[in-house]
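Here's the structure we're looking at; comments come further down.
The values are calculated or read from the model by the stated rules, or taken from the named source; none is laboratory data. Since this is a predicted model, take the numbers as computed values, not measurements. Methodologically, a virtual Cβ is constructed for each residue, glycine included, from the backbone with ideal geometry; neighbour enumeration extends over all protein chains shown. These accessible areas exclude ligands, DNA and RNA; they are computed on the full protein's heavy atoms, side chains included. Shrake-Rupley method; radii C 1.70, N 1.55, O 1.52, S 1.80 Å.
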Amino acid sequence: MKAEPAEQQRLLDLQEVDSLLRQLTHRLRTLPEAAEIQRLEGRVRELRDQKAVAATKLTDLDREQRKAESDVEQVRARAERDTQRLNAGQVSSPKELERLQSEIDSLQRRQTELEEVVLEVMERREATDAEHARLQKEIEAVEAELETLEERRSSAVVDLEADRASANDRRQRVAAEIPEDLLALYTKLRDQHDGVGAAMLRYGRCEGCKLALSTAELGEIRQAPADEVLRCEDCRRILIRTTESGL
Ligand SMILES: [Zn+2]
């Protein structure tokens, strides 16, 4: 293939823009904010699940507390009725009196026990309530962190997209100066060889594969016409001669 030396050298500019575009695309795909956002979103889901568990527990404890309080109230009301009967002097039989007094004593003991249950449920409810509030606070903190990260990610995306747009503009201008057959060869090689289709011959070394050319290869290159499109013997990329080639 033949191409003017200036057109060949333009390939190096195109390669530079293509490498930049590749980097920008890679950075867009691997923004550190994106990974962190994913991690925090997982954390928020986890916290919401824990909060839902705490909320269910609170509802259960509320029910348990109402039940325990109503048990206390029943026992208390019955003891009060018995006490009123006792005080009203309606009971005359000593046996009945004794039975009533014993029932009042037992109801009072029962009331004390049930009041303990109420207290114990209230304590558990208080602890669960605190846990529920702590989870809500943590969710809010993580959500605030997420919001900041999302803003940072958006602005990073905007910047990278702007860089990409300007690189694409430059690419179009550069590509327009390169003959079609050379451009097609470059594109094919670039896609085959890790994004690099054209490399500078720099002080006897191919900048594509970083290997030094043999004396014989360099000798052939010295003999080759300036408009001959050269290829690296090792990596097959287009090899571009410049003033830095060391020929
Ligand atoms: Zn090479």
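Checking the range 229-241 against the condition returns a match, with at least one residue being more than 11 Å from the ligand (Cβ to nearest atom) and over 47 Å from the mean Cα position of the chain (by Cα). Is there a residue in the range 229-245 that is hydroxyl-bearing (Ser, Thr, Tyr), exposed (fewer than 14 other Cβ atoms within 10 Å of the Cβ), touching a residue at least 12 places away in the same chain (Cβ under 8 Å) and assigned to a loop (DSSP other than H, G, I, E, B)? Scanning the range 229-245 turns up no residue that is hydroxyl-bearing (Ser, Thr, Tyr), exposed (fewer than 14 other Cβ atoms within 10 Å of the Cβ), touching a residue at least 12 places away in the same chain (Cβ under 8 Å) and assigned to a loop (DSSP other than H, G, I, E, B). Of everything in the range 139-160, what is open to solvent by 80 Å² or more (accessible area, probe 1.4 Å) and farther than 15 Å from Glu33 by Cβ? Give them in sequence order. Result: Glu140, single match.
Scanning the range 70-96 for residues that are of a type outside the set (S, T, N, Q) and surrounded by 14 or more Cβ atoms within 10 Å (Cβ to Cβ) returns Asp71, Val72, Val75, Arg76, Arg78, Ala79, Asp82, Arg85, Leu86, Val91.
Condition check for Ala176 on (1) of a type in the set (A, V, I, L, M); (2) under 18 Å from Leu12 (Cα atoms); (3) within 12 Å of the ligand (Cβ to nearest atom): one failure, at (3).
For the range 6-28, the set of residues classified as in contact with a helix residue (DSSP H, G or I) (Cβ under 8 Å, 6 or more places away or on another chain) and within 28 Å of Pro225 (Cβ to Cβ) consists of Glu7, Gln8, Arg10, Leu11, Asp13, Leu14, Gln15, Val17, Asp18, listed by residue number.
Pairs linking a residue in the range 199-220 that is without any contact (Cβ under 8 Å) to a residue 40 or more places away in the chain to a residue that is outside any strand (DSSP E or B) and open to solvent by 80 Å² or more (accessible area, probe 1.4 Å), with Cβ atoms under 6 Å and 6 or more positions apart or on different chains, are Cys209/Asp234; Leu211/Asp234; Glu217/Glu233. Of the candidates Ala224, Ala199, Ala184, the single residue that is within 11 Å of the ligand (Cβ to nearest atom) and either at pLDDT 95 or above or acidic (Asp, Glu) (or both) is Ala199.
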